[in-house]
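The values are calculated or read from the model by the stated rules, or taken from the named source; none is laboratory data. Predicted model, so just to flag it, every value in this text is computed and none were measured. Virtual Cβ from ideal backbone geometry, glycine too; neighbours counted across all protein chains shown. Just so you know, the surface numbers come from the protein's heavy atoms only, side chains and all, with ligands and any DNA or RNA stripped out. Shrake-Rupley method; radii C 1.70, N 1.55, O 1.52, S 1.80 Å.
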Amino acid sequence: MSDQSVFTPSLSGLRLPEEATARREMPLSTDKRSETYVANFDHHTLVYDALRTPERISLFCPRLLNLWPLLRDGLRLDGRPVKLRRHKSLRFERLDLPRGASGDLTVTIEGQMLPLVQHDAEPERFAGRNVLIAMVKDTPADWIIDWVNYHMSAHGADGLVLLDNGSERHFRDDLQNRLLPETGLAAVALVSSPFPYGANAGGRFLTPAKFLQVAMLNLMRARFLGKARAILSVDVDEFVQPIAQTNVFDLARQSRLGCVSFTGVWAFAPEATGPTLQAEHTHTDPDSICKNPKWCLVPGRIADRFALAVHRPAGPLFPLTHNEEIKYWHFRATTTGWKSMRYQTGGSGQADDVLRETLSAHF
């Protein structure tokens, strides 16, 4: 058991004032917008975080779209205009101030001057650690603790960066009180990220509306994980299957690019009538494949030169990262139903002794 406390860092969280007339415009045409798309779209966030390193200050932002001129023209460093180098990715942007620039940042929006708080990078916090990273919202602490303990036992994880997307207070407090006493984690960051998550773009080749998770992955790498031994990105309802004589972190370090990606299979809880613990899943179906890849990446290696993504890290090198030796179980009934009521189809598959015995061995 660690005697440390859970680290709860802040983000800058600069948003347009409610009274401001400016809003981020929806890229999807009016006739194609679903209720979910409209309800989850982020009209207001300008900057998730302002990160200060020894080299420069960088702003991590959602796609700015029509708000780019507003932020560019309103930004001041010690009261003076500042030039920005803009790096646009599909779902987020990084704005770099000139190398060596320092001072207080403000953004003026429609005559109102707003402070933009900066935070220092802390790569030593997770240096040398095998780190799990995931985003959660109103997720029971039992699920998260089991997920952590499994990956500690099966793969040697010893660090955790958990992004909390605006959970109800009792979920967050329960987790914060129990996480360290009930695991052996050496380093933990519980990062409050209460920004709109976004919804599907509405079709292929359309501008995405899900900005948050990808931006947070890239921000966490830059702020905390630059010296981590390796970073494993899997959700709380996903367990990387054990690998004979090694683990997923070591395979990532042994890979030529410093990154491995892998697909999974669905696991089912036949008796589920509602949200269910991972350990209650006992059935699988070899034809029920999870095609969305998950990944493990080593900071500082070749694949780390590119923007991270939920399912496709390593940029153009991504196809070269796939490793058939690694698989994950995706637990169908371990869900709060935010996306779909998956537990309503929990009776599929056949009894899987390997799954049952593995979960028993690692809890």
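The stretch between Asn177 and Glu271 holds 30.8 nm of extra length on full extension. This uses 0.36 nm per residue minus the Cα-Cα distance. Note on Glu325: accessible area approximately 110 square angstrom, rounded to 10, probe 1.4 Å, nucleic acids and ligands left out. The trypsin sites (Lys or Arg not before Pro) found in segment 217-302 that occupy coil by DSSP, while having at most 16 further C-beta atoms within 10 Å, are Lys227, Arg256. Under the simplified labelling scheme, the Ala20-Arg204 pair shows an inter-label distance of 3.6 nm, with each label point 7 Å from Cα along Cα→Cβ. Here the convex hull built on the C-alpha positions of segment 170-212 has a volume of 123 cubic angstrom per residue. Rolling a 1.4 Å probe over the protein heavy atoms gives the chain an accessible area of 45 Å² per residue.
Here the extension length gained between Arg86 and Ser192 equals 35.6 nm, from 0.36 nm per residue of separation less the Cα-Cα distance.
With a Förster radius of 30 Å applied to the C-beta separation of Ser153 and Ser10, the computed FRET efficiency comes to 0.40. Counting pairs of alpha carbon atoms under 8 Å apart in space and at least six apart in sequence, what relative contact order in percent does the chain give? About 17 percent, as a whole number. For segment 92-249, the alpha carbon positions stretch 58, 39, 36 Å along the principal axes, listed from largest to smallest. Against the empirical 2.2 N^0.38 Å (N residues), segment 1-151 has a Cα radius of gyration ratio of 1.25. Among Val131, Val240, Val38, the residue with the largest mean-square fluctuation in a Gaussian network model of the chain, with springs joining Cα atoms closer than 10 Å, is Val38.
Would you calculate a helix-derived [θ] at 222 nm for the chain, using -39,500 (n - 2.57) for each DSSP H run of n ≥ 4 and dividing by the full residue count, to the nearest 500?
-5500 deg cm²/dmol
Normalised by the number of residues in segment 219-305, the average gap of Cα pairs under 8 Å and 6 or more apart makes the relative contact order 40 percent.
Modelled spin labels at Asp285 and Ile243, positioned 7 Å past Cα toward Cβ, are 2.8 nm from each other. Express in % the proportion of alpha carbon pairs of the chain at distances exceeding 31 Å. So the pairs more than 31 Å apart make up 37 percent of the total in the chain. In this structure, the residue pairs whose Cα-Cα separation is over 24 Å, taken from Lys83/Lys227; Lys32/Lys294; Lys137/Lys210, are Lys83/Lys227; Lys32/Lys294.
With 0.36 nm allotted per residue and the present C-alpha distance subtracted, the Glu124-Glu35 stretch has 27.7 nm of extension available.
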